[in-house]
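Derivation of every value follows stated rules applied to the coordinates shown; laboratory data play no part. Computed from a prediction, not measured in an experiment: that's the story for all the values here. Cβ placement follows ideal geometry from the backbone for every residue including glycine, while neighbour counts extend to all protein chains displayed.
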Amino acid sequence: MDKKLSIRFLDIYNQLDNYLRKRLERDDDVSHSFLIKKAAEKDLVIRSQKENLLQFSQLRNAIVHNPDRAIAHPIAEPHSIIVDQYEDVLSKILNPVKALSISVPAEKIYKTSLNDIAINIMRVMNDKVFTHVPVIEDDKMVGVFSESVVFSYLVKHEIVSVDRDIKISEFREFLPHDKHQSEYFLFAMRTASLIEIQKLFDNELGNNRRLGVVFITHNGKADEKLLGMITAWDVVGK
């Protein structure tokens, strides 16, 4: 027979409470609600679930601090939907989804190099509906080839088309990730959580530019080997 819902609920509460006390290095004299609020200052998963967690804490107190414990315990059984929700929240806190797990892995990313012919890359981008192509040299990303790069090049040179034999290197001035006019790119470390990346796209507008891609590297530095890339489409519905 399954555990009573109240017992399951209290088990979840105790697991979370123990986790927060160890993480924040707090003794038993600190309230559970304080732990939630403190952890929410730095943990985006907990912050996103803060109000739910505080409500669960109040429900736990109602179950445990029962003046009629001798004749009616528990005073109420939480609904199974609430218990399942609480369990799901605990799982997300203890085992947050890593951004790397939903990214396009390095071995599947369509890449280019400075010596590639631009029109060939553009054809693939058009056929596959790729919007951004990392430019890799010596196993490191030196820039991003995109429609905005081509547009910036055409505007500067006051032309309406590019020669068929032009190489990616011809666009070198506009390739660096911090040189794109209408978009910007960010780098995240391999341990970053999915919710951290979602937050970046939620706040994507910066100086009237849109966030094009979040690239994953070991320590979140641009000069490191590329491990994965995430676009806004990759995090939709996650």
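Some observations on this one:
- For segment 215-229, Karplus couplings with θ = phi - 60° (6.51, -1.76, 1.60), whole Hz, Gly/Pro x: 9, 9, 10, 4, 10, x, 10, 5, 8, 9, 4, 6, 9, x, 9
- 3J(HN,Hα) from dihedral phi, segment 39-47, Karplus parametrisation 6.51/-1.76/1.60, rounded to Hz, x for glycine, proline: 5, 5, 5, 10, 9, 5, 5, 5, 4
- Coordinate range of the alpha-carbon atoms in segment 110-215 per principal axis, descending: 43, 30, 25 Å.
- Annotation: extensible slack from residue 37 through residue 169 equals 42.4 nm (criterion: 0.36 nm per residue apart, minus Cα-Cα distance).
- Note on the chain: with charges restricted to the Cβ of Lys and Arg (+1) and Asp and Glu (-1), its dipole about the Cα centre is near 340 debye.
- Cut-off 19 Å (backbone N to label point 7 Å along Cα→Cβ of residue 30), residues of segment 3-24: 13-24
- Karplus (6.51, -1.76, 1.60) ³J(HN,Hα), θ = phi - 60°, over segment 187-195, in Hz, Gly and Pro reported as x: 10, 10, 6, 5, 8, 4, 7, 4, 5
- Note on residue 4: lysines with a C-alpha under 27 Å away, same-chain residues under 8 apart excluded, are 50, 92.
- For the chain, the alpha carbon positions stretch 87, 35, 31 Å along the principal axes, listed from largest to smallest.
- Database remark: amide H of residue 143 closer than 5 angstrom to the amide H of 135 (H placed geometrically; neighbours at sequence offset of 5 or more, or on other chains; Pro and chain starts carry no H).
- Other-chain or far-sequence residues with amide H under 5 Å of residue 229's (modelled H): 104, 216
- Which listed pairs, of 37/108; 128/156; 22/199, have C-alpha distances above 31 Å, in listed order: 37/108
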